[in-house]
There are 2 protein chains.
Amino acid sequence: MDKQLRMTHQREVILSELGKCHTHPTADELYERVKKKLPRISLATVYRNLEILSEAGLIRKLEVSGRQKRFDWDLRQHDHIYCVRCHRVDNIDLEGKKQLSLPAHESRGYKVSGCRIEFFGLCPGCRKIQQKTRKGEEKMGCKTCGTGLSDKQREVLEALAKCKDACGSKDIAAATSLEPKQVSCQITALKKKGYVASPARCKYEITSEGKAALS
Amino acid sequence: MDKQLRMTHQREVILSELGKCHTHPTADELYERVKKKLPRISLATVYRNLEILSEAGLIRKLEVSGRQKRFDWDLRQHDHIYCVRCHRVDNIDLEGKKQLSLPAHESRGYKVSGCRIEFFGLCPGCRKIQQKTRKGEEKMGCKTCGTGLSDKQREVLEALAKCKDACGSKDIAAATSLEPKQVSCQITALKKKGYVASPARCKYEITSEGKAALS
DNA sequence: TGTTGACATAATAATAGTTACCATGTACTT
DNA sequence: AAGTACATGGTAACTATTATTATGTCAACA
């Protein structure tokens, strides 16, 4: 019942690229690297083979923070440290402290097969960025949102750009095809993105970021 | 700049249901429970509020193994144990061993903000199941595949069901609208799901699981 | 005291990451 | 040499999550 594992060219390249990375790459990071050697390879092949190779014990699939799975060529026992900002993952070695073990009366009936230790914080690169951005709001711009503009948002922002002074949402509603309620809804979203500021209650104006976003 | 958090009825229910759960539920598990109290609540509201409540520090968002995020009402420092089979998460308390700290020369330049310790293994329930299923293959049936049948798979399986004895893929191809190559492809998938067995090389027959899957 | 805008919600579309499907290609087995 | 098993590329489908938007609710100011 032992499986035969065919070592295809694709698998060789995936393995060797993973071996060259010391960064615990995600499947699509590895795909980008492998594509340089095998331009016609499919993303599905990379996913499939990472799964197969890790089941065969040739590589290790990591369970680390963040939404993407990561893979490691280094099979030795070691732990990781995770950057909460850029999601980078590095190795750490806990030397003496080695393996934690769980006292039997604390295992809650589980058959324990291992333990995972993960430190987290800011990596050196992100520490620097954090210090620079420390004044005022953070505006780190993660996630998928951040810069995009929907059609309605663009319409409101363009109307705001034409106003010389700060104006209320009724003025905007008049200048666009939108109703006042819809305008206020869009303005809320635009403020969140930093494209609109409110110098006084119920008065809005476009920010320099907002102008930049329009072009 | 401090946020005001409006305690709506939806939020109250989400909080109280999370408090009643001692199972570190995922967003959709919690959604199912909350829906019994508030049938008209939206899944998005649950997601949004779990995010907001955890940012406000009223609950904790956990980073544990598995693909779904989990939430915890218990804010005290504690660690977790994870079942690799059913993905259940329980609490553990490491007593004296408490907080691991990372020696400065090992932190690789990171500004460390915390540490996560997670044991994993089989929970009591899954240990029993594992023992029963130990003979032969495992057939644990995780993932999304497992039981579903595509149109072509169903066609092949139905043809196999009509055969009294084991037959080759050519016989199946003749009995269906499919070509021999396609049949062999489908049979491979069906074997993986446990719906087809191969009593002899190149001979296939439907299993009892296969018959059950057809009905 | 009625507006106005901040904050919430339900419904749904969109997104990211991953896996399934399947036609086709390649390599073992006998 | 035939026939099967295994692998691949391309793409559809899926899961979990987040964004969008019309609408609803509430608190505070004019």
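Quick notes on this structure:
- Kirkwood analysis of segment A:9-62, using all unique Cα-Cα pairs, places the hydrodynamic radius at 10.9 Å.
- Summary for A:Glu95: label point 7 Å along Cα→Cβ; distances to the equivalent points in the other copies, ascending, 2.7 nm.
- Whether segment B:151-214 is rounded, prolate or oblate, judged on the alpha carbon gyration tensor where a/c under 1.5 counts as rounded: rounded
- Residue-averaged beta-carbon neighbours from other chains (10 angstrom radius) around A:116-125: 6
- Shielding of A:25-34 by partner chains, average beta-carbon count, 10 Å: 0
- Exercise: per-residue mean of other protein chain Cβ atoms within 10 Å, B:104-113: 6
- Relative contact order (percent, whole number), chain B, Cα cutoff 8 Å, 6+ residue spacing: 12
- Shortest-first nm distances, A:Leu58 label point to equivalent points in other copies (7 Å, Cα→Cβ): 5.1
- Using alpha-carbon coordinates, inclination of helix B:180-193 to the longest axis of chain B, degrees: 50
- Listed by chain and number, the aspartates and glutamates whose C-alpha is less than 18 Å from the C-alpha of A:Lys203, apart from same-chain residues fewer than 8 away, are A:Glu155, A:Glu158, A:Asp165, A:Asp171, A:Glu179.
- For segment B:146-215 and segment B:37-70, distance of Cα centres in Å: 44
- Summed side-chain charge close to B:Cys185 - residues other than B:Cys185 whose Cβ falls under 12 Å, Lys, Arg +1, Asp, Glu -1: +3
- Summarising the rotation from chain B to chain A, the nearest chain B beta-carbon to the axis and its distance in Å are given as B:Ile117, 3.
- For A:Cys167, the residues whose modelled amide H falls within less than 5 Å of its own, excluding neighbours fewer than 5 places apart on the same chain, are A:Tyr204.
- Close amide H partners of B:Ile92, meaning residues 5 or more places away or on another chain with modelled amide H under 5 Å apart, are B:Asp79, B:His80, B:Ile81.
- Global geometry of chain B, whether rounded, prolate or oblate, following the gyration tensor of its Cα atoms and the 1.5 cut on a/c: prolate
- Nearest-ten-degree value, helix B:43-55 long axis tilted from longest Cα axis of chain B: 40
- Karplus-based coupling profile of segment B:159-166, in residue order and whole Hz: 5, 5, 5, 7, 6, 6, 9, 4, with θ = phi - 60° in 6.51 cos²θ - 1.76 cosθ + 1.60 and x standing for Gly or Pro.
- DSSP-defined antiparallel bridges as percent of all bridges, chain B, nearest 5: 75
- Teacher prompt: A:Thr23 distances to equivalent labels in other copies, 7 Å Cα→Cβ, nm: 4.0
Coordinate-derived values only; no laboratory data. Everything numeric in this text was worked out from a predicted model, so none of it was measured. Don't worry about glycine lacking a Cβ; one is built from the backbone with ideal geometry, like all the others, and counts go over all protein chains shown.
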